[in-house]
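Chemist: Dumping the structure here so I can ask a few things about it.
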Amino acid sequence: MITRLIPLVVGIGVVGAPASGQVEQFLKSIGMGQENGLSNAKVSAGSKEALQVATEKSVELTGRPDGYFSNAAIKILMPEKRRTVEQGLRMVGYGPQVDELVLSVNQAAEQSVPAAKQIFLDAIADMSFVDAKTILNGGNTSTTEFFKAKTTDKLATAFKPIVERNIGPMGRLEISDAPRCRQPRSGNESPA
């Protein structure tokens, strides 16, 4: 489950970082968000350039230690559906393990971002005029939706070894299995 979640979160984090929020503003400020007679080639080239700059800046901001973990806007937390399990684990003394899992997931994301850079740059290079126009005229999530559609499978493939290496044995424990965890035995008890 966590292995599938990381590519999506990293992708959203990379294009959702502060630099990418400025892509649409940048394009509109140079007149590309309006019907003004610019050629399709210029619209496409300007969109690509703005996204390349945003990608570079986002990788710089997030692809370093604490790039995710220390940034409340993109920090990866326990999935909403698992928060009850998280609270239960904390109540029975597994808080440090939950914290370690959250830290490990964020570190995996931070380590994955540089690997994502070329995947995003390839998606930008392959962007059509229709894609550029959709991003430009779309809503607040149009850039994210573009990258999600074009990069998710490649990101999942690239990130899987990084996530598995970083999360280690914790990655083999599905969060849904957590309620079956027991308090550590004192040593005098027989296994259940």
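Here's the yes/no breakdown for (1) part of a helix (DSSP H, G or I); (2) of a type in the set (D, E, K, R):
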| site | (1), (2) |
| --- | --- |
| 58 | yes, no |
| 75 | no, yes |
| 81 | yes, yes |
| 84 | yes, no |
| 88 | yes, no |
| 101 | yes, no |
| 122 | yes, yes |
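Chemist: Can you report the number of residues in the stretch 81-121 which are touching a helix residue (DSSP H, G or I) at 6+ places or on another chain (Cβ under 8 Å), within 30 Å of residue 50 (Cβ to Cβ) and not aliphatic (A, V, I, L, M)?
Modeler: 7
Yes/no matrix, rows are residues, columns are (1) over 13 Å from the mean Cα position of the chain (by Cα); (2) among the basic types (Lys, Arg); (3) closer than 30 Å to residue 137 by Cα:
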{"site": "46", "(1), (2), (3)": "yes, no, yes"}
{"site": "59", "(1), (2), (3)": "no, no, yes"}
{"site": "66", "(1), (2), (3)": "yes, no, no"}
{"site": "85", "(1), (2), (3)": "yes, no, no"}
{"site": "93", "(1), (2), (3)": "yes, no, no"}
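Chemist: Please give the number of the condition residue 50 fails out of (1) under 20 Å from residue 155 (Cα atoms); (2) not in a loop (DSSP other than H, G, I, E, B).
Modeler: (1)
Chemist: Further question on the same structure: Against the conditions (1) among the charged types (D, E, K, R); (2) at pLDDT 90 or above; (3) more than 22 Å from residue 157 (Cα to Cα), where does residue 64 fall short? Just the number, please.
Modeler: The one condition residue 64 does not meet is (3).
Chemist: Of the residues 184, 179, only one is modelled with pLDDT under 80 and surrounded by fewer than 11 Cβ atoms within 10 Å (Cβ to Cβ); which?
Modeler: Working: 179 fails: surrounded by fewer than 11 Cβ atoms within 10 Å (Cβ to Cβ).
Being modelled with pLDDT under 80 and surrounded by fewer than 11 Cβ atoms within 10 Å (Cβ to Cβ) holds for just one of 184, 179, which is 184.
The values are calculated or read from the model by the stated rules, or taken from the named source; none is laboratory data. A quick note: this is a predicted structure, and the numbers were derived from the prediction, not measured. Positions of Cβ are backbone-derived with ideal geometry, glycine not excepted, and every protein chain shown enters the neighbour counts.
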